[in-house]
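We did not get these values from a lab; they are worked out from the coordinates using the rules stated. It should be emphasised that the depicted structure is a prediction, and the values quoted were computed from it without experimental measurement. Ideal geometry is used to build each Cβ from the backbone, glycine not excepted, and the neighbour counts take in all protein chains shown.
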Amino acid sequence: MNWRGELNKYLASTYKNWIISKRNVFTLFELFFWPIMGLLTIGLLTRFLNVSSNTVSFLLVGSIALAILQTSQMDVAYVLLFDMWSKSIKNTFIAPIKSYHLVFGALLFGIVRGTFVFGILVVVSNRLFGFDFLAGGIAPVLIFLVGVYAMAAVIGITVCISILTFGQKADVAAWSLSGVVLLVSGIYYPVEVLPPALQALSRAIPLTYFLEYYRSVYISGPHNIVLGALLAALYLVVGLMMFAWSIERARRTGIMLRLSE
């Protein structure tokens, strides 16, 4: 196997996202404005409500997780969103690449951007609200970030599948899916406050377990990180298989041509 050629297939998506992002001033909002505004909103709300330190930790962990998730999943989704907006999807698939080349190459760029956002929010939360996100050590942080990035990949893959299945109408999924995850995975509240049906749904989302795991560093409580990791791995494998299938279907049905010039 030509390892250099294989590596270049992954890095092609990374490089494409980098080139497009650096030319778009609005991507700075994804790195600075929205993450910091979200953290400040939640942090100042905790000050206004005068909540306990445990509640502050609970909410700020959720806020930081959401910012990383939204930033990273957009980079995976952008691998086809940019092509759809420029009507050049067929050009992407002329190259001898597979679905996993696109996903993991774009995810690499998403991890870089997400880690940058994470670093900013860790500093801001510490300086302004006295919350030390690294108090539990490096290992829990790394496990937590891996879970968030895995969930971001799953959401991004879902967006890509939707684009190749439904066409232009599917781009709304890029922004709405993370909102659904926010609702049911306990970003800002324990999942136990949800109705029973939504609690069952939350237990099918890996992010729920990773949030519970990291919050247990600050607030004693049960967690099942192994189940969360297994679900994340399962969804990634199934998602990549479905993405590959949707690419072939888009070729057969002509959707790929209709999304291109």
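Some points to look at:
- Label point 7 Å beyond Cα of SER86 along Cβ direction - residues of region 2-21 with amide nitrogen under 15 Å: 12-21
- Helix-only CD estimate at 222 nm, as mean residue ellipticity for the chain, using -39500 (n - 2.57) per DSSP H run (n ≥ 4): -25000 deg cm²/dmol
- For region 132-261, the dipole from Cβ point charges (+1 on Lys and Arg, -1 on Asp and Glu) about the Cα centre works out to 440 debye, to the nearest 20.
- Computed extension length for ALA197-MET37: 54.4 nm, one decimal, from 0.36 nm per residue of separation with the Cα-Cα distance subtracted.
- For region 1-156, the dipole from Cβ point charges (+1 on Lys and Arg, -1 on Asp and Glu) about the Cα centre works out to 420 debye, to the nearest 20.
- Think of region 3-258 as having a plus end and a minus end, set by charges on the Cβ of Lys, Arg, Asp and Glu; of VAL103, MET151, SER246, SER246 sits farthest toward the positive end of this dipole.
- Taking the Cα centre of the chain as reference, the dipole from Cβ charges on Lys and Arg (+1) and Asp and Glu (-1) amounts to some 680 debye.
- Euclidean distance between Cα centres, region 85-134 to region 220-247, Å: 18 Å
- Label sites at SER220 and LEU128, each approximated as a point 7 angstrom past Cα along Cα to Cβ, lie 3.3 nm apart.
- Computed over region 3-258: relative contact order in percent, which uses C-alpha pairs under 8 Å that are six or more apart: 24 percent
- Per-residue ³J(HN,Hα) for region 36-44, Karplus 6.51 cos²θ - 1.76 cosθ + 1.60, θ = phi - 60°, Hz, x for Gly and Pro: 5, 4, x, 5, 4, 4, 6, x, 5
- Exposure proxy order (Cβ contacts within 10 Å, fewest to most) of THR27, THR115: THR115, THR27
- For a paramagnetic label modelled on ALA244 (point 7 Å from Cα along Cα→Cβ), amide N atoms under 19 Å away belong, within region 81-125, to 93-107.
- For region 3-258, the C-alpha radius of gyration divided by 2.2 N^0.38 Å, with N the number of residues, is 1.03.
- With neighbour counts taken as other beta-carbon atoms within 10 Å, the residues ASP83, ASP132 rank, fewest first, as ASP132, ASP83.
- Derived scalar couplings between HN and Hα for region 75-92 equal 5, 5, 5, 4, 4, 10, 4, 4, 5, 5, 5, 8, 6, 9, 4, 4, 5, 5 Hz in order, rounded to whole Hz, by the Karplus curve 6.51 cos²θ - 1.76 cosθ + 1.60 (θ = phi - 60°), x for Gly and Pro.
- Between the beta carbons of LEU183 and SER53, assuming R0 = 22 Å, the FRET efficiency works out to 0.30 to the nearest 0.05.
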